[in-house]
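Worksheet: the structure to be examined is printed underneath.
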Amino acid sequence: MPVKVIVGMQWGDEGKGKIVDMISGEANIVARYQGGANAGHTVVVKGEKYVLHLIPAGVLRPGKTCIIGNGVVLDPEAFIAEVDGLTARGFTIEGSLFISSRAHLIMPYHKRLDRASESSSAVTKIGTTGRGIGPTYSDKSARLGIRVGDLFRPDYFKSRLAQAARQKDSFLGSFYGEGGSDVDGVMETYMAYAERLKDFVADTGVMIRAAIEEGKSVLAEGAQGTMLDIDQGTYPFVTSSHCVSGGACAGLGIPPSSINEVLGVMKAYTTRVGEGPFPTEIKGGDGEKLREAGGEYGATTGRPRRCGWLDAVVGRYAVEINGVSSIALTKMDVLDNLPEIKICTAYELDGKKINSIPEDATDMSRVTPVYESAKGWMSRTAGMDSYSTLPDAAKRYIDRVEELLKAPVSIVSTGESRDSTIIR
Ligand code: IMP
């Protein structure tokens, strides 16, 4: 495998962390291509739980090279906390983890802007994680950003910081009534970060392309999910990066021709955090059952996730857009105690049946899901590791997912640990 991309097929939180950790056994390099510390990838190894926000899940396997690609926005404070946390738990990070010098830095004013915008009644509330993601990508596109490599050119860094802070402070002051930045203080803090970061920074694009050339295998780890993609998701209720598999090319500096496999990760039901349309959301009753059974609380913010039935319209869209070659169906065991399980197979909009995602979020919020329903298996699949032991109703559910999404299910996850996995 030259490059295998792992991509979320819904609104994030599909359980990508566990799948990346599992698959990374066969990879030489594991590389994150977008997003920032808004992600929360949970991995359980030998009963120990790890929540990774920035560092690729491959770090938990010895001998892997892990890369934070140029498409990621890096919060140095969060990064250092994560490195220190893993080091304290016995992992050796130095020498195996690299950050692209082209990745953009999240600055204190980005977080202030994110939070001010979310708490203002004058701006559409997105329900962000408050980690400064949107404002950092905005500055990147506006060519006002500061990159990781700039940390090592202090004069240039300072002039960029002074320029950006003047602009942000003016806006924060006039629009949100907030105070200004302490430019000298930020400079001092970021120069201290530079000391901590210096041994991790590299031209990671060169590293990955050389590895591909040598026939090594690369796992490109996506964060969030297809429906949160800035272009292909439910805009404006999205994150600010390209979560889809295509984002791996620009976010790592690799050619499309190097990708030979896309593994789509999809939960056996659906969740969403934050605002925005969610056609199959279940309010109350079964929705709460799913939340409790699935532990559906944000790994980054602790917010309760909105829960609902599996949406095959979303799934098909994700298969098409990402070129999903096979699916990892996760958290199957969360459905164990439901007497009836529904799948949304189409939508109705203004009295017409549709099979695709409306381009507009307002239309998406008006659709009525068309459901088919099946009897649940009402028995324990949690912890199962063999397909043959699955109850028939669970097998039928998997078959129906494959039929509706037109892609094979190659992995079924039945619990948090590495062992609770069925390979088909
Ligand atoms: P932001 O990425 O913090 O700007 O948030 C934008 C939207 O993406 C919000 O609805 C967030 O809840 C959502 N989001 C961001 N990261 C994640 C994630 O890792 N999982 C699920 N939702 C996320």
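Output the number of residues of region 240-265 satisfying the condition of being within 16 Å of the ligand (Cβ to nearest atom) and more than 10 Å from VAL7 (Cβ to Cβ).
Residues of region 240-265 that are within 16 Å of the ligand (Cβ to nearest atom), as a first pass: 240-244, 247, 251, 264-265.
If we keep only those that are more than 10 Å from VAL7 (Cβ to Cβ) too, we end up with 240-242, 251.
Looking only at that region, the number is 4.
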**Request:** Considering each residue of region 44-57, count those that are crowded, with 24+ Cβ neighbours inside 10 Å and either hydrophobic (A, V, I, L, M, F, W, C) or farther than 18 Å from PHE91 by Cβ (or both), and give that number.
**Result:** 4
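Residues checked against (1) of a type in the set (Val, Ile, Thr); (2) under 25 Å from LYS49 (Cα atoms):
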{"site": "TYR347", "(1), (2)": "no, no"}
{"site": "LYS353", "(1), (2)": "no, no"}
{"site": "VAL370", "(1), (2)": "yes, no"}
{"site": "VAL412", "(1), (2)": "yes, yes"}
{"site": "ASP419", "(1), (2)": "no, yes"}
**Asked** Out of (1) touching a residue at least 12 places away in the same chain (Cβ under 8 Å); (2) over 28 Å from ALA248 (Cβ atoms), what's the single condition that is false for MET364?
**Response** (2)
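Tell me the residue from GLY58, GLY71, GLY47 that is within 15 Å of the ligand (Cβ to nearest atom), touching a residue at least 40 places away in the same chain (Cβ under 8 Å) and small (Gly, Ala, Ser), please. Spell out how you get there, then give the answer.
Details: GLY58 fails: within 15 Å of the ligand (Cβ to nearest atom); GLY47 fails: within 15 Å of the ligand (Cβ to nearest atom).
Checking each option against the conditions leaves just GLY71.
Within region 60-113, how many residues turn out to be in a helix (DSSP H, G or I), closer than 20 Å to ARG131 by Cβ and either touching a strand residue (DSSP E or B) at 6+ places or on another chain (Cβ under 8 Å) or open to solvent by less than 10 Å² (accessible area, probe 1.4 Å) (or both)?
So the answer is 7.
Report the residue count in region 314-335 for those that are under 19 Å from ALA268 (Cα atoms) and open to solvent by 10 Å² or more (accessible area, probe 1.4 Å).
Here is the first cut: in region 314-335, the ones under 19 Å from ALA268 (Cα atoms) are 314-320, 322, 324-335.
From the residues that got through so far, the ones that are open to solvent by 10 Å² or more (accessible area, probe 1.4 Å) too are 316-317, 319-320, 324-326, 331, 333-334.
Number of matching residues: 10.
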**Complete:** Output for Cβ contacts, cut-off 6 Å, separation at least six or different chains, first residue under 15 Å from ALA165 (Cβ atoms) and open to solvent by less than 40 Å² (accessible area, probe 1.4 Å) in region 127-149, second charged (D, E, K, R) and within 11 Å of the ligand (Cβ to nearest atom), reads GLY132/LYS111; GLY132/ASP114; PRO135/ASP114
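I want to confirm something. Restricting to region 301-313 and keeping residues that are crowded, with 19+ Cβ neighbours inside 10 Å and either of a type in the set (Lys, Arg) or within 17 Å of the chain's Cα centre (by Cα) (or both), which single residue is nearest to the ligand (Cβ to nearest atom)? It would help to see each step written out before you state the result.
The initial filter retains those residues of region 301-313 that are crowded, with 19+ Cβ neighbours inside 10 Å, namely 305-313.
Those left that are additionally either of a type in the set (Lys, Arg) or within 17 Å of the chain's Cα centre (by Cα) (or both): 305-306.
Working: ARG305: 8, ARG306: 10 Å.
Going through the qualifying residues, I end up with ARG305.
Among what's in region 1-14 and is of a type outside the set (A, V, I, L, M, F, W, C) and more than 14 Å from the ligand (Cβ to nearest atom), pick the residue that is most open to solvent (accessible area, probe 1.4 Å).
Step by step, filter region 1-14, then rank; the result is PRO2.
Let's see how each residue does on (1) surrounded by fewer than 21 Cβ atoms within 10 Å (Cβ to Cβ); (2) under 30 Å from ILE259 (Cβ atoms):
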| residue | (1), (2) |
| --- | --- |
| PHE278 | no, yes |
| LEU290 | no, no |
| TYR297 | yes, no |
| THR362 | yes, no |
| PRO369 | yes, no |
| SER386 | yes, no |
**One residue from ALA250, ALA223 being surrounded by fewer than 23 Cβ atoms within 10 Å (Cβ to Cβ), in contact (Cβ under 8 Å) with a residue 40 or more places away in the chain and not in a strand (DSSP E or B)** = ALA250
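So is GLU178 open to solvent by 60 Å² or more (accessible area, probe 1.4 Å) and touching a residue at least 40 places away in the same chain (Cβ under 8 Å) or not?
Details: open to solvent by 60 Å² or more (accessible area, probe 1.4 Å): yes; touching a residue at least 40 places away in the same chain (Cβ under 8 Å): yes.
Taking the combined requirement at face value, the residue satisfies it.
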**Complete:** Scanning region 15-41 for residues that are open to solvent by less than 10 Å² (accessible area, probe 1.4 Å) and assigned to a loop (DSSP other than H, G, I, E, B) gives ALA27, TYR33, GLN34, GLY36, ALA37, ALA39
**Asked** Could you say whether any residue in region 258-270 is on the phi > 0 side of the Ramachandran plot and in contact (Cβ under 8 Å) with a residue 40 or more places away in the chain?
**Response** no
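The values are calculated or read from the model by the stated rules, or taken from the named source; none is laboratory data. Every value quoted in this text rests on a predicted model; they were computed, and no experiment measured them. No Cβ is skipped: glycine too gets one built from the backbone with ideal geometry, and neighbour counts run over all protein chains shown. Side chains included, ligands, DNA and RNA excluded: accessible areas come from the protein's heavy atoms. Shrake-Rupley method; radii C 1.70, N 1.55, O 1.52, S 1.80 Å.
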